[in-house]
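One structure is given below, encoded as structure tokens.
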Ligand code: FAD
């Protein structure tokens, strides 16, 4: 078999490795338009903030190491520009030599990811120190600017994961940060009252937090940000982190179906409407695991899981992708914010009735030093006990509670089962009645 993969980072690299395990003889070619493959996107903010000091550590696999280990044909600086479905071939442009050529395939996997949204805000083209963050070259630019120009002030536009992680990391570099968020809260996967804890913490840490206000224009080559409400913020740099858009041009031009938000549509085997073309990762529309509606959830777990499943499906192992639960987590200064499944905002939008419990247990036995409160919220169906989702905010023990509930959801457990989960306990780690058990008792 000859299998071509477009995109060589999270989804693409996972698929390539799995394909090789399934078939020693397949001809596997992976095209990546950038210089690097299989790098740690998720670590980029922490390298800028200098928590991760060694740039090499971001490069999980190099072309040499990965080609040798998995016997792959990896071509970087190679952009796939066109798919010819009739002849089962692609057109490739070598970005270093400008040469173009055609390569045929038996199966094609698209994992082109999603790119930061750059809206046509007046003054955006003239703004000099305006950045977005997706890959290693973006990271190098931001870090070089901070190292060389020593900016004193930064404006981060957008309070999602990347915006918040960058707010913290810029702050760690001694930069005064203003965070501008158009909605009434940061961190969309959680509900307002949970986000309010984070708002308070951001302000406590010295972040100038502006909610309910968006960017209207940039002035003075990006030295001034004007907001819709008329605020004028002086700044030395701007980070735009207002979300991502699927890289769907190849798919659209080839007549592959995309959804309302541009995500490439695939079935449970991750096949597009062309049975020889598969698509995975940030570029695809997924089914929300909880409410079964189409959605876009650009996270690393789905990309990795889909990378493996797509290879299995190409080799006849019928493994289904069951949808994305959207389990997510972020560090925001001293706090951890995590969520899984649906929140109230989503359920309200879909008119799904639900019940909520809020509890504020401590992370481990109160008599053992270091215990701190967790705000834990469980959203469920009153009648059936079905768990719709959970959110947690705290300084310790947040991650495992959300992971336990995410596991319970995938295992089909209801709120009535939560008290019966026998979880590991000793005073430094939990209580004999773990917060997850308590949430179940309160909900039951
Ligand atoms: P990508 O990993 O983006 O790879 C796509 C690749 O395809 C790109 O390198 C692109 O250059 C290449 N490409 C596109 N078009 C073409 C073409 N036509 N020809 C050749 N190559 C092409 N997720 C989490 O779950 N947790 C986190 O903490 C987290 N942190 C993140 C932090 C940052 C700063 C960023 C940017 C992302 C973070 N993510 C995180 C998201 C996660 O990295 C993505 O969900 C994941 O990388 C998606 O994998 P992918 O294969 O779909 O796309």
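Annotations
- Three semi-axes of the equivalent ellipsoid, segment 256-348, Cα gyration tensor, whole Å, largest first: 26, 15, 11
- Using bins of 10 Å that start at zero, the share of Cα-Cα pairs per bin across segment 294-377 amounts to 13, 30, 28, 21, 8, 1, in whole %.
- Modelled spin labels at residue 360 and residue 372, positioned 7 Å past Cα toward Cβ, are 1.6 nm from each other.
- Where N is the number of residues in segment 207-286, Cα Rg divided by 2.2 N^0.38 Å: 1.65
- Inter-site label distance for residue 99 and residue 260 at 7 Å from Cα along Cβ, in nm: 4.7 nm
- Once both labels are positioned 7 Å from their Cα atoms along Cα-to-Cβ, the gap between residue 57 and residue 205 label points is 1.9 nm.
- GNM result for the chain, Cα springs below 10 Å: residue of 362, 203, 393 fluctuating most strongly: 203
- Proportion of all alpha-carbon pairs of the chain beyond 28 Å (%): 55 percent
- Within a Gaussian network of the chain (alpha carbon springs, distance under 10 Å), most fluctuating of 211, 19, 133: 211
- In the chain, the DSSP-assigned H stretches of four residues or longer account for a calculated mean residue ellipticity at 222 nm of -7500 deg cm²/dmol, using -39500 (n - 2.57) per stretch and the full residue count as denominator.
- Of 388, 367, the sequence from fewest to most neighbouring Cβ atoms within 10 angstrom is 367, 388.
- Net lengthening on full extension, residue 384/residue 138 (0.36 nm per residue, minus Cα-Cα): 83.8 nm
- Taking a ≥ b ≥ c as the square roots of the eigenvalues of the alpha-carbon gyration tensor, segment 316-429 is classed prolate because a/c is 1.5 or more and a/b outweighs b/c.
- What the Cβ-Cβ distance of residue 349 and residue 148 gives, at R0 = 45 Å and to the nearest 0.05, is a FRET efficiency of 0.50.
- All Cα pairs of segment 258-304, percent lying beyond 12 Å: 59 percent
- Whole-number D in µm² s⁻¹ for segment 65-133, Kirkwood Cα-pair radius fed into Stokes-Einstein, 20 °C, 1.002 mPa s: 138 µm²/s
- One quarter of the surface of the convex hull around the alpha-carbon atoms of segment 9-110 equals 7.4 nm², the direction-averaged projected area.
- On full extension, the segment bounded by residue 64 and residue 216 gains 50.1 nm, given 0.36 nm per residue less the C-alpha separation.
- Difference of contour (0.36 nm per residue) and Cα-Cα distance, residue 315 to residue 89: 79.3 nm
- Segment 338-387: Rg to Rh, with Rh as the Kirkwood radius over Cα pairs: 1.13
- Mean shadow area of segment 145-257 over all directions, Cα convex hull, nm²: 9.2 nm²
None of the figures in this text is laboratory data; all of them are computed from the coordinates on show. Bear in mind that the values here come from a model prediction, so they are computed numbers and not experimental data. Methodologically, a virtual Cβ is constructed for each residue, glycine included, from the backbone with ideal geometry; neighbour enumeration extends over all protein chains shown.
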